[in-house]
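Enquirer: Before I ask anything, here is the structure I am working with.
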Amino acid sequence: MLESHIRKPSSRELLDESRSSPFASKTHLLTAMAVLTNVTGNICLSYGMQEVGRTVSVSPADYVRALLNPWVLAGSFTLAVWMMSELALLSRADLTFVLPVTASAYGLTALAGHFVLGDQISWQRWLGIAVISIGVFLAEETPSLTSVEP
Amino acid sequence: MKWILVAIIAVSNTVGDLLNTAGMKRIGVVEDLGAGSFAQLCCAIVRSPMVLGGIAALAVGFFAVMSLLSIATVSFAIPATASSYLAETVLAKYILKEDVRWRRWAATGLVVVGLLLLSS
């Protein structure tokens with residue numbers, strides 16, 4: 001019999017379990033995976049799209065052509081992994097928990113953009129990274145799951 | 001042009017995230033992300049109209065992000081895509097019935113302020 005990786009406990013069981021350490025640890029692991037793949041994917045995608053050049057079009061063919069760039073392809077694949085991580089995370093945490101907690105990806109992307117792509121970071125952007133970090137820590141203080149099914 | 005793309009991204013992200021959250025809660029708890037669970041998750045997703053709709057909405061946003069990245073730096077483009085945060089928080093509270101108290105409001109507000117600073 002194949003091992004099942006997706007469970008469907010009752011709402012009460014799930015809400016109680018979400019407060020346990022093992023459940024929280026897995027949620028944090030998925031969060032880390034979502035953040036890292038988001039940052040890496042966006043950096044690769046940005047680098048690739050700068051190489052491809054201006055692509056603002058309603059024709060899918062233009063986007064398919066962009067996907068032929070190896071950096072765009074790598075970025076898109078990594079963002080697909082990010083998507084799966086995000087969906088897995090949303091299966092076990094509130095959207096209003098996931099949104100601020102994974103926002104650390106924005107700060108990390110800005111830093112990666114600076115050190116890898118040479119983007120300039122003004123003092124306002126450094127302040128933005130700091131403010132986002134405070135928001136992330138604040139969100140981490142809240143229970144990850146408060147609603148099971150709408 | 002940049003701001004039109006930002007608007008498209010905001011709407012598609014809001015719709016996509018809400019559909020995905022509701023859909024994934026109905027599918028069940030994903031335990032881990034090994035090869036086996038990836039395959040199971042893919043099978044569950046293709047059977048869920050909500051998650052498929054959510055992914056489609058996010059795909060529209062993704063192509064708009066690709067366009068935005070071709071005409072703006074990543075430090076502008078990526079934070080600009082988070083303009084949907086406040087709308088998603090409000091809708092998650094009233095539609096998804098999530099318990100959003102002052103810490104989450106404050107966290108969301110700080111993230112939005114931080115993103116505006118990041119985009120400057």
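Enquirer: Could we say that B:V112 is over 25 Å from A:F137 (Cα atoms), among the hydrophobic types (A, V, I, L, M, F, W, C) and open to solvent by 10 Å² or more (accessible area, probe 1.4 Å) here?
Expert: No.
Enquirer: Out of A:R92, A:R125, I need the residue that is touching a Leu at 6+ places or on another chain (Cβ under 8 Å) and either under 18 Å from B:Y85 (Cα atoms) or not in a helix (DSSP H, G or I) (or both). Which one?
Expert: That would be A:R92, the only listed residue that is touching a Leu at 6+ places or on another chain (Cβ under 8 Å) and either under 18 Å from B:Y85 (Cα atoms) or not in a helix (DSSP H, G or I) (or both).
Enquirer: Considering region A:100-142 alone, what residues qualify as being in contact with an Asp or Glu (Cβ under 8 Å, 6 or more places away or on another chain) and open to solvent by 10 Å² or more (accessible area, probe 1.4 Å)?
Expert: Within region A:100-142, just A:T102 meets the criteria.
Let's see how each residue does on (1) open to solvent by 10 Å² or more (accessible area, probe 1.4 Å); (2) in contact (Cβ under 8 Å) with a residue 12 or more places away in the chain; (3) over 25 Å from A:T146 (Cβ atoms); (4) facing chain A (nearest Cβ under 10 Å):
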position: B:M1; (1), (2), (3), (4): yes, yes, yes, yes
position: B:T21; (1), (2), (3), (4): no, yes, no, yes
position: B:L33; (1), (2), (3), (4): yes, no, no, yes
position: B:F38; (1), (2), (3), (4): yes, no, yes, yes
position: B:C42; (1), (2), (3), (4): yes, no, yes, yes
position: B:I55; (1), (2), (3), (4): yes, yes, no, yes
position: B:L58; (1), (2), (3), (4): yes, yes, no, yes
position: B:K93; (1), (2), (3), (4): yes, no, no, yes
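Enquirer: Quick check on this structure: which one of A:S18, A:S104, A:S11, A:S57 is under 22 Å from B:D17 (Cβ atoms) and at pLDDT below 80?
Expert: Result: A:S11 is the single residue among A:S18, A:S104, A:S11, A:S57 that is under 22 Å from B:D17 (Cβ atoms) and at pLDDT below 80.
Enquirer: Follow-up. Conditions: (1) without any contact (Cβ under 8 Å) to a residue 24 or more places away in the chain; (2) among the acidic types (D, E); (3) assigned to a helix (DSSP H, G or I). A:E86 meets all but one. Number of the miss?
Expert: Failing condition for A:E86: (1).
Enquirer: Now for a separate question. Output the residues belonging to region A:128-150 that are in a helix (DSSP H, G or I) and among the hydrophobic types (A, V, I, L, M, F, W, C).
Expert: Across region A:128-150, the qualifying residues are A:I129, A:A130, A:V131, A:I132, A:I134, A:V136, A:F137, A:L138, A:A139.
Enquirer: May I ask you to list the residues in region A:99-122 that are under 19 Å from A:T31 (Cβ atoms), facing another protein chain (nearest Cβ under 8 Å) and part of a loop (DSSP other than H, G, I, E, B)?
Expert: A:A103 - this is the single residue of region A:99-122 that is under 19 Å from A:T31 (Cβ atoms), facing another protein chain (nearest Cβ under 8 Å) and part of a loop (DSSP other than H, G, I, E, B).
The values are calculated or read from the model by the stated rules, or taken from the named source; none is laboratory data. These figures come from a predicted structure and were not determined experimentally. Quick reminder, even Gly has a Cβ in these numbers, built from the backbone with ideal geometry, and neighbours come from all protein chains shown. Just so you know, the surface numbers come from the protein's heavy atoms only, side chains and all, with ligands and any DNA or RNA stripped out. Shrake-Rupley method; radii C 1.70, N 1.55, O 1.52, S 1.80 Å.
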